[in-house]
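Note sheet for the following structure.
The values are calculated or read from the model by the stated rules, or taken from the named source; none is laboratory data. Please read all numbers here as calculations on a predicted model, not as lab measurements. We place every Cβ from the backbone using ideal geometry, glycine too, and count neighbours over all the protein chains shown. Only protein heavy atoms, including side chains, enter the accessible area calculation; ligands, DNA and RNA are left aside. Shrake-Rupley method; radii C 1.70, N 1.55, O 1.52, S 1.80 Å.
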Amino acid sequence: MSPKRRLAHNRLFPKSVMVWAGITATGKTPLVFIERNVKINSEVYQKIVLMDNLLPWVTQHFAGGPFILQQDWAPSHGSRSTLAVLEAHFPGFLNKNLWPASSPDLNPMDFSVWGMLEGKIAGKVFATVDDLKAALEVAWASIDDGYLRRTVNSVKKRLRACVKARGSNFEILL
């Protein structure tokens, strides 16, 4: 295979990973990498994301203080068993009646963080998935508290703009 052909192959089929993460105005969770070929059903979401990673992090980070969990309401996030876990361990979470599904313009991970993280590793070629994970960890660690604070604080302005636009496209109002 010619070098030119190998280069095209790498561009067509880049390394990829599924990753979960969360932020607050004062910190960020560890990155949680989901193994290849694992379907994120309710059981996987509850164990790997909520119980094994998020609960220990919020317990340490907030030290019993108040916090509100906002999620994107993918199917595994809204199942009856997941709702029971959320009610037991994350009281005050924003349920489907309080937070619209499919609202990336209101989710700081979607409107800011994922794009910024991707930008930090864009243009680089990774020989292995482990190399990609390591680069993501370095990029994630480089995110400073000022960026987190500004990103989380911008949600209020976005919510007001969304209401003013009656749920339609509101980015022009920002």
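Yes or no, residue by residue, for (1) in a helix (DSSP H, G or I); (2) modelled with pLDDT of 90 or more; (3) under 19 Å from ILE48 (Cβ atoms); (4) open to solvent by less than 50 Å² (accessible area, probe 1.4 Å):
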{"position": "SER81", "(1), (2), (3), (4)": "yes, yes, yes, no"}
{"position": "ALA88", "(1), (2), (3), (4)": "yes, yes, yes, no"}
{"position": "PRO91", "(1), (2), (3), (4)": "no, yes, no, no"}
{"position": "SER112", "(1), (2), (3), (4)": "yes, yes, no, yes"}
{"position": "LYS133", "(1), (2), (3), (4)": "yes, yes, yes, yes"}
{"position": "ARG150", "(1), (2), (3), (4)": "yes, yes, no, no"}
{"position": "LYS157", "(1), (2), (3), (4)": "yes, yes, no, no"}
{"position": "GLY167", "(1), (2), (3), (4)": "no, no, no, no"}
Complete set of residues in the stretch 59-79 that are in contact with a strand residue (DSSP E or B) (Cβ under 9 Å, 6 or more places away or on another chain) and part of a helix (DSSP H, G or I): HIS61, PHE62
Among residues of the stretch 35-51, those that are more than 18 Å from the chain's Cα centre (by Cα) and open to solvent by less than 50 Å² (accessible area, probe 1.4 Å), counted: 0
Index of the failed condition, ILE68 passing every other in (1) surrounded by 13 or more Cβ atoms within 10 Å (Cβ to Cβ); (2) closer than 29 Å to ALA161 by Cα: (1)
Filter result (without any contact (Cβ under 8 Å) to a residue 12 or more places away in the chain, among the basic types (Lys, Arg) and not in a helix (DSSP H, G or I)) within the stretch 36-49: LYS39
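Matching residues to (1) over 14 Å from GLN71 (Cβ atoms); (2) free of Cβ contacts under 8 Å to residues at least 40 places away in the same chain; (3) of a type outside the set (D, E, K, R):
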| site | (1), (2), (3) |
| --- | --- |
| PRO91 | yes, yes, yes |
| ASN97 | no, yes, yes |
| GLY123 | yes, yes, yes |
| TRP140 | yes, no, yes |
| LYS157 | yes, yes, no |
| CYS162 | yes, no, yes |
| PHE170 | yes, no, yes |
Filtered residue count, the stretch 52-83, keeping only those that are within 19 Å of LYS28 (Cβ to Cβ) and within 18 Å of the chain's Cα centre (by Cα): 14
Count of residues meeting criterion [outside any helix (DSSP H, G or I) and open to solvent by 30 Å² or more (accessible area, probe 1.4 Å)] in the stretch 135-148: 2
Number of the condition not met by PHE33 [criteria: (1) in contact (Cβ under 8 Å) with a residue 12 or more places away in the chain; (2) at positive phi]: (2)
Filter result (within 30 Å of LEU173 (Cβ to Cβ) and open to solvent by 30 Å² or more (accessible area, probe 1.4 Å)) within the stretch 114-131: TRP114, GLY115, MET116, GLU118, GLY119, LYS120, ALA122
